[in-house]
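K.L.:
Below is a structure I'd like to ask you about.
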Amino acid sequence: MNDVAIVGIGMHPFGRHDGVTGMEQGAVAVREACKDAGLKWNDMEFAVGGSAAAGNPDKMVSMLGLTGLQFTNVANGCATGGTALATAYNAITSGVYDLGIAIGFDKHPRGAFASNEPVHPVDGGLDWYGGSGMAINPQFFSIKINRYMNKFGISHKTLALVAAKATRNGSLNPMAWRKQAFTTEEVLQSKMLAYPLTQYMFCSPGEGGVAMVLCKAKHAKKYTDKPIFLKAAVMRSRRFGSFEVKSSWLPKEENVGPTVDASLAAYEKAGVGPQDVDVAQLQDTESGAEIMHMAENGFCEDGEQEEMLQKGETEINGRLPINTDGGCIANGEPIGASGLRQVYENVLQLRGQAGARQVPNDPKIAYTHVYGAPGISGVTILSS
Amino acid sequence: MTKQISINEFVLNISDGKPYLVGGKCLDCENYTFPIMPGCPKCAGTRIEKAKLGDQGKLWAWTVQGFPPKSPPYLGENDPEKFKSFGVGYVELPEVIVETRLTENEPAKLSEGMNMELKLEHLYTNGEGEEVMTYAFSPID
């Protein structure tokens, strides 16, 4: 099997960019990533692109250059960016290609995600699920964390600590959307959207683009002095008994979610464990997701998050920094781009180029995790 | 009294003014789903029949929807001026755990494990003057 290195990264700022299409933001990221690797678009042997709402990614060749390369479109809900990377990773590890690019971009309308397509079968009748007011993502996240809090003793204050940390980190990130740092009090006092989660605890659908150039590790030094190695890129879908967004029913037998499966497989592939990780970016659709994902990715036992957050262990200078770029809460959620944003941040951290939010003591191993509907997770492990 | 009709008889039936939910039961592994599905997610079987689900259970998890859902798909009142928050959660029935609206919308009055029963909830009045009803579980005193 061929090892894989990331040799170029590029990003278009996240946020709201009226008049700029999502695809144009993706193209900006592609040009930046190629430049970072000292390469040109026409050097790319293949591309994998993901976007949920901003058009089929392969159309972007018309603005980047019609080179005839293999261009594969991917879509996996909020895990789309992670899927783009995992697909590119497989194309290189398999030996089929030497050099290619993973791309993610998106642009969503304001407000919570909504769809006109029924989530569940309707048998020719009215959309009973969405029509009754149940096909709403924030609702699911609130139900899930509410149950988790009761079961494992997580407090409302700890939910707020996650969001305060995210906005504080975001305020140090020039690419972030939300650059205003909120206090835990401000988070707790913002509007209750779906008990127990308040407005400032949620991410918002947004815009942005990220791209990264990957190659066989043995060629990496040709393109950069600081290659970052992609030790694992794993995707998993849900198994019977996991509790996922937009489930109209659940079986009585409970099972772990796809995050646990993807995480275990990634650790095994990379030959490291959670204790080796120096910095992690975890899906934080809202505060509760980050808390649950800390345990699901092996960084603590259920319930230990309470003490970890209160002690500041997941701050940039803490024992295990989490979501150092502000996560989805500060960057927003452009579905196609988020998974790659996390990897972009980890590459900066491992290169020592994260500026004001640089994790101290020369981090060596970095971890990303994305989660998407209807129950899919993607994990990557990077090393310097 | 205006006529009450189900939002969709595929999942909700009204008989003599009383509601019941319709799910599916796999004849191979006896797994229940809601709604009925063409294939069993547990054993991959395809011998599945309709099943009437129980109308009482325990609250398994919950939240309160505090902002108006987007319409479409939402069919109820979503004018921010008139919108009233509503509970949503999962209720564990004898057969399966179902997602449902709750008649209660105050967090202090909801707790996991409380006994719940199935009721009808008014969603909107259609062009024929009929009340379109959905399902909601309500705490049993």
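K.L.:
If you line up the long axis of helix A:137-152 against the longest principal axis of chain A, both from Cα atoms, how many degrees apart are they, to the nearest 10?
P.N.:
Value to nearest ten degrees: 70.
K.L.:
At 0.36 nm per residue, and after removing the present C-alpha to C-alpha distance, how many nm does the segment from A:ASP302 to A:ARG319 gain when stretched out fully?
P.N.:
Answer, rounded to one decimal: 4.3 nm.
K.L.:
So for the range A:9-140, averaging the separation of alpha carbon pairs under 8 Å that are six or more residues apart and normalising by length, what relative contact order in percent results?
P.N.:
24 percent
K.L.:
Right, another one. Say we join alpha carbon atoms closer than 10 Å with springs in a Gaussian network model of chain A; which of A:ALA356, A:ALA160, A:ALA135 then has the biggest fluctuation?
P.N.:
It is A:ALA356.
K.L.:
Here is a further query. Among B:ASP16, B:ASP28, B:ASP55, whose mean-square fluctuation peaks in a Gaussian network model of chain B (Cα, cutoff 10 Å)?
P.N.:
Sorting by GNM fluctuation, first place goes to B:ASP16.
K.L.:
What lysines could a cross-link reach from A:LYS35, if we take a straight Cα to Cα line under 23 Å and drop same-chain neighbours fewer than 8 places away?
P.N.:
In chain and number order, the partners are A:LYS59, A:LYS216, A:LYS218, A:LYS221, A:LYS222, A:LYS226.
K.L.:
Per the helix-only calculation at 222 nm, which mean residue ellipticity applies to chain A, given -39500 (n - 2.57) for every DSSP H run of n ≥ 4 and division by its residues, nearest 500 deg cm²/dmol?
P.N.:
-9500 deg cm²/dmol
K.L.:
In addition: Between the alpha-carbon centers of the range A:161-189 and the range A:262-276, tell me the distance in whole angstrom.
P.N.:
30 Å
K.L.:
Lys and Arg at +1, Asp and Glu at -1: add these up for the other residues within a Cβ distance under 11 Å of B:ALA136 and post the number.
P.N.:
-1
K.L.:
A further question on this structure: Peptide B:42-48: average number of partner chain Cβ atoms within 10 Å per residue?
P.N.:
1
K.L.:
OK, next. Among A:MET134, A:GLY170, A:PRO227, flag the residue with its Cα farthest along the positive direction of the charge dipole of the range A:80-227, charges on Cβ as +1 for Lys/Arg and -1 for Asp/Glu.
P.N.:
My answer, from the dipole projection, is A:PRO227.
K.L.:
Enter the angle in degrees (range 0 to 90, nearest 10) between the Cα long axis of helix A:22-36 and the first principal axis of the Cα atoms of chain A, meaning the one along which they spread out most.
P.N.:
It is inclined by approximately 50 degrees.
K.L.:
Any idea how far the Cα center of the range A:280-340 sits from the one of the range A:228-247, in Å?
P.N.:
For the range A:280-340 versus the range A:228-247, the Cα centre distance is 16 Å.
K.L.:
Please give the FRET efficiency for A:THR67 paired with B:LYS58, using the beta carbon to beta carbon distance and R0 = 51 Å, rounded to the nearest 0.05.
P.N.:
E(calc), rounded to 0.05, equals 0.25.
K.L.:
Then there's this: How large is Rg over Rh for the range A:303-384, taking Rg from the Cα atoms and Rh as the Kirkwood inverse mean of 1/r across Cα pairs?
P.N.:
0.97
K.L.:
Then there's this: Please work out the Kirkwood hydrodynamic radius for the protein assembly as shown, using every pair of different C-alpha atoms, and report it in angstroms with one decimal place.
P.N.:
23.8 Å
K.L.:
Remind me, relative contact order of chain B in percent, using alpha carbon pairs under 8 angstrom and six or more residues apart?
P.N.:
24 percent
K.L.:
Taking 23 Å as the cut-off for C-alpha to C-alpha distance, list the pairs among A:LYS179/A:LYS246; A:LYS252/B:LYS70; A:LYS252/B:LYS25 that go past it.
P.N.:
Beyond 23 Å between Cα atoms: A:LYS179/A:LYS246; A:LYS252/B:LYS70.
K.L.:
Compute the relative contact order of chain A as a whole-number percentage, counting only Cα pairs closer than 8 Å that sit 6 or more residues apart in sequence.
P.N.:
With pairs under 8 Å counted, the relative contact order is 26 percent.
K.L.:
Can you sort A:ASP18, A:ASP302 by solvent-accessible area, 1.4 Å probe, largest first?
P.N.:
The ordering from most to least exposed comes out as A:ASP18, A:ASP302.
K.L.:
Roughly how far apart, in whole Å, are the Cα centres of the range B:111-141 and the range A:346-384?
P.N.:
Each part's Cα centre sits 46 Å from the other's.
K.L.:
Same structure again: Roughly what % of DSSP beta bridges within chain A run antiparallel, to the nearest 5?
P.N.:
If I count the DSSP bridges inside chain A, around 70 percent turn out antiparallel.
K.L.:
Springs between alpha-carbon atoms under 10 Å, Gaussian network over chain A: tell me which of A:ARG147, A:ARG357, A:ARG168 tops the mean-square fluctuations.
P.N.:
A:ARG147
K.L.:
I'd like to check one number: the per residue accessible area of chain B, probe 1.4 Å, reported in Å² as a whole number.
P.N.:
Accessible area per residue, chain B: 48 Å².
K.L.:
Average partner chain C-beta neighbours within 10 Å, per residue of A:115-127?
P.N.:
The mean count of partner-chain Cβ atoms within 10 Å per residue comes to 5.
K.L.:
Also, quick follow-up: Which whole number gives the average count of other chain Cβ atoms within 10 Å of the Cβ atoms across peptide B:79-89?
P.N.:
So the per-residue partner count for this stretch is 2.
The values are calculated or read from the model by the stated rules, or taken from the named source; none is laboratory data. Given the structure is predicted, the values throughout are model-derived calculations rather than measurements. Virtual Cβ from ideal backbone geometry, glycine too; neighbours counted across all protein chains shown. Ligands, DNA and RNA are stripped out before the accessible areas are found, and what is left, the full protein with its side chains, is counted by its heavy atoms. Shrake-Rupley method; radii C 1.70, N 1.55, O 1.52, S 1.80 Å.
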